[in-house]
Each structure stands twice: as C-alpha cells, then as structure tokens.
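Peer 1: Sending over a structure as structure tokens; questions will come in a sec.
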Amino acid sequence: MAPARRAPSDLDALLAGPAEVIPDRGLEDKLALGRPLRVKLGLDPTASEVTLGWAVVLRKLRQFQDAGHTAVLIVGDFTARLGDPSGRTETRPRLDRDTVRAYAERLLDQFWVILDRDRTEVRSNSEWLEPLGMEEILGLTSSYTVARMLERDDFAKRYADGRPISIMEFLYPLLQGYDSVAVEADVELGGNDQRFNLLVGRDLQREFDQEPQVALTMPLLVGTDGVQKMSQSLGNYVGITEPPDAMFGKLVRVRDELIAEYRQLTLDFFRDPAEAQRVEVGLSSGERDPWAEKRRLAREVVDLYHGEGAGERAQAEFDRVHREGALPDEVRDVVVPRSALIVTKKDGVTVLDRAALLTMLGLAESKSAARRLFEQDGVRTGGTVVKDPEIRVDVPGLRAEDALAELEGSVWQVGRRLFARVAGFS
C-alpha cells in the first residue's frame, strides 16, 4: 500500500502530482543541503474523520518520509479553537477544548493508516502557542499589516462585501506561521487554500532569523457533490476508515467529469502519475466507459485502505444490494436515547425528531445535515421516502409511546448505501 522507499535526492518522486512549489527551485535548494529535511504538515482537529481530501496531503507527507526525510505532524489543538478562516465567507464558530481533544484522539489513529508512526514527529501547537504572552503576541502582529492580510482572497471578498472579519481571524495565519518557527520547518505542505498561510510562515521565519521554508501545496479534492471541496460539515466526503461497502458506494456516484481528478489525487500521483491522464483521454475519446472506470476507481481506493481484495468484495455487495434491492448482509443495530427523539418544543408541541434519529444512527454528521437529507429525498425506511424531519406526536390518535413502538426494529437508509436499524431505546 505504501509507496516504495526512495533516495533523498529523488526530486521527481517528491514533486509527483500537481504540486505548486514556492519558490520554484526551493525544494532543489533544500535537498542540496544533503541532510534529512523537516517537513511540516499542520492539521486542525475540527472533525472526527480523515477524509480522502486530507489524505492527499498526508500521502504527500508519506512520500517525503519514504525519501528519508522527517515528517513533522502538527496537531493544531490550539489553532482549532480559533477556527481557520481559509475559504470562509463568514466568521467560523469556535470549538471548545474538550471537543478539540476528542477529535484529536480520534484522528491520530487514522493518521497511521497513511503515515509511518515510527518516523513521524507529532507535536501539538498548544505547546508553544498557549504560553505566549501579550508582548510576544504583539510582536507577531507587528510583523504583518492589515493591507497584507487583505491580500488573501477570502478576506478581500468579505471586506468588499461588508461581511465581518474578526481580529482573531487575522491572528490565525500568524499562529500557523509561528508553528513553522517553533519546529524549524524546512518544507511545509498544505492544500492550495493554505497558500497564504504557508507564505506567512516563510515571512515569520525570516523575522526569527531562520531560513524560510519551502511551501508545497496540493489541489483540493472536490467533494462527492461535485461542487464544493470535500468537507464533513457538508456531508460530501469519503472517510479513509469508512466501511468498504460505504466507501465503494460513495465513489461510484462521483460525477463522470471528476473520475480523472479523483484518480490523480487519491491514487495515481504517488504511484503512476500518467494513469489519470490516460483515463481522462480515454473518457474524452469514448474509448473508456465512465461507469466501468468509476467502479475501477472505487475498487482500487477500497483496496488501498482496506487491503487487497476488499474492493472486489465491496463491489459484489454493492451489486447485490442495489441491483437486487436487498438489504446488506449486516445492518448495524443501534440503541437510541429516547430523550433525543421525543422533544417538546418552545411552543409546547411534542415531536418525534427524525433528524436527531439519523444522527443517533450514525447516518448523518449533524442534525442540520440530516435535515438536508430529508429535503433532498435522501432518507428511506421500509423502502419509502421519508420527507419530514419531525412529526407531531401529541395529537389525538398518536402518542409518543406509540410512535416509538412503531420505530423499534425499523431499518433506516440514507441514499443507497448506508443502513442502520433501531434496536431499542435507552
């Protein structure tokens, strides 16, 4: 599953894939130092799953590891509490310390699916950011002007539109840049939405008399909706530890025009960079069938994260369930808290909260995501589409207990791939 180990001087391997390097010959100059480089990747634990989108930069970091360099993985447990403003059109809600800690614990185990644990230096940026005093923070802020901050596209657009930008959001790129100072990074990796932040790191290293890091950015993977970047909050993601059947089902539904891009970013840039181009040309000429290529993509991605043969088994199960209309062989049984389902609203109306049910069953990331699924006719039970995220249960002829009795044992389905059964109530 892992790329073959390469010599530290193999520049082609490290630049494999559609990477942007700043400055242009910066990586060559760093490699000429003749020592293992300190290659930094910072990830904020703001969600619980490592997605195929995150995996793009994680696999690039693994390539550096396999070339003999030191992977420095920064768990942004401090910056996650501020919220990364990259690409945001509104101020991002802050996360509390306990939530960030829980996410970090969940994510660390998933990082080792891709990275070599024994060759990874894991640091939490609370180590150096929490002790900063006001004098040191003011020193950081004095190194950057408001005008330079407004060079960022997302800040510039919000400012032009009259949308708020908090001073705290201006601090985020400075703190991320200070991470590079703290670990003395030679190279920093990130998605191309992080370009500005990585360049701030170069500037701060100069301020602290360090050689500026090389910034290497990778394209963002478009989500399964084909519109926005892959994100858990939007529900358009594939997690690298998702069950093979769920992973396969999501991947065979990506849009035809995204097949080559998905191949390139999830598979080919680290093993056969020319294959995605061959697929793109074949699809454009009609020599390759989009459905067959999506199934091949899905099989290979499942094999990558679940072992050889897992893709074929997931494909067979997908065909059995979706072509024959059967339930999967295994449907998860979930005991659901009664208090989360029967809710009395402010106006005194008591409802059965089906959006909460989907989250409790693990079929939706949040209640807001669940409501969107209902609106999009993406929820079924007993083969019937369910449109209402909640139903009133204090009307004549229908009581809360009756509604729960009907619910017990029901199998709920999101899209055509995710199933869970209500096993009972706690």
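The values are calculated or read from the model by the stated rules, or taken from the named source; none is laboratory data. None of the values given here were measured: they were computed from a predicted structure. Ideal geometry is used to build each Cβ from the backbone, glycine not excepted, and the neighbour counts take in all protein chains shown. Side chains are part of the model used for accessible areas, which takes the heavy atoms of the whole protein and leaves out ligands, DNA and RNA. Shrake-Rupley method; radii C 1.70, N 1.55, O 1.52, S 1.80 Å.
Peer 1: Yes or no: the range 323-330 includes at least one residue that is out of contact with any helix residue (DSSP H, G or I) (no Cβ under 9 Å at 6 or more places or on another chain) and either open to solvent by less than 30 Å² (accessible area, probe 1.4 Å) or basic (Lys, Arg) (or both).
Peer 2: yes
Peer 1: Continuing with the same structure: Can you give me the number of residues within the range 231-241 that are open to solvent by less than 30 Å² (accessible area, probe 1.4 Å), assigned to a loop (DSSP other than H, G, I, E, B) and at pLDDT 90 or above?
Peer 2: Residues that pass the stated criteria total 2.
Peer 1: Also, I was wondering about something else. Being surrounded by fewer than 23 Cβ atoms within 10 Å (Cβ to Cβ), in contact with a helix residue (DSSP H, G or I) (Cβ under 7 Å, 6 or more places away or on another chain) and in contact (Cβ under 8 Å) with a residue 40 or more places away in the chain is the filter here; which residues of the range 250-263 pass it?
Peer 2: Val252, Val254 - these are the residues of the range 250-263 that are surrounded by fewer than 23 Cβ atoms within 10 Å (Cβ to Cβ), in contact with a helix residue (DSSP H, G or I) (Cβ under 7 Å, 6 or more places away or on another chain) and in contact (Cβ under 8 Å) with a residue 40 or more places away in the chain.
Peer 1: On to the next question. Just checking, how many residues over the range 87-117 are β-branched (Val, Ile, Thr), at pLDDT below 90 and open to solvent by 30 Å² or more (accessible area, probe 1.4 Å)?
Peer 2: First, pick out the residues of the range 87-117 that are β-branched (Val, Ile, Thr): 89, 91, 99-100, 113-114.
Then keep just the ones that are at pLDDT below 90; that gives 89, 91, 99-100.
Then drop every residue that is not open to solvent by 30 Å² or more (accessible area, probe 1.4 Å), which leaves 89, 91, 99.
Selection size over the range 87-117: 3.
Peer 1: Consider Thr120 carefully, then state whether it is touching a helix residue (DSSP H, G or I) at 6+ places or on another chain (Cβ under 9 Å), polar (S, T, N, Q) and at pLDDT below 90. Step through it out loud before you land on a result.
Peer 2: On the way: touching a helix residue (DSSP H, G or I) at 6+ places or on another chain (Cβ under 9 Å): yes; polar (S, T, N, Q): yes; at pLDDT below 90: no.
In short, no.
Peer 1: Tell me, please, whether a residue that is farther than 22 Å from Gly177 by Cα and modelled with pLDDT under 90 can be found in the range 52-63.
Peer 2: no
Peer 1: Would you point out the residue of the range 126-136, among those that are in a helix (DSSP H, G or I) and free of Cβ contacts under 8 Å to residues at least 12 places away in the same chain, that is most open to solvent (accessible area, probe 1.4 Å)?
Peer 2: Step one: list which residues in the range 126-136 are in a helix (DSSP H, G or I), which gives 126-129, 134-136.
Now drop any that are not free of Cβ contacts under 8 Å to residues at least 12 places away in the same chain, which leaves 134-136.
Numbers: Met134: 132, Glu135: 160, Glu136: 98 Å².
Selected residue: Glu135.
Peer 1: Take the range 59-84 and flag every residue that is under 20 Å from Pro18 (Cβ atoms) and not in a helix (DSSP H, G or I).
Peer 2: Result: Ala67, single match.
Peer 1: Further question: For the range 139-174, enumerate the residues that are assigned to a helix (DSSP H, G or I), acidic (Asp, Glu), closer than 20 Å to Leu198 by Cβ and open to solvent by 70 Å² or more (accessible area, probe 1.4 Å). It would help to see each step written out before you state the result.
Peer 2: Going residue by residue through the range 139-174, those that are assigned to a helix (DSSP H, G or I) are 139-141, 146-149, 153-161, 167-174.
Okay, now just the ones that are also acidic (Asp, Glu), so 153-154, 161, 169.
Subsequent filtering for residues that are closer than 20 Å to Leu198 by Cβ retains 153-154, 169.
Across the range 139-174, the qualifying residue is only Asp153.
Peer 1: Within the range 159-183, count every residue that is of a type in the set (D, E, K, R) and under 13 Å from Asn125 (Cα atoms).
Peer 2: In the first step, residues of the range 159-183 are kept if they are of a type in the set (D, E, K, R); the result is 161, 163, 169, 179.
Narrowing further to those that are under 13 Å from Asn125 (Cα atoms): 179.
Number of matching residues: 1.
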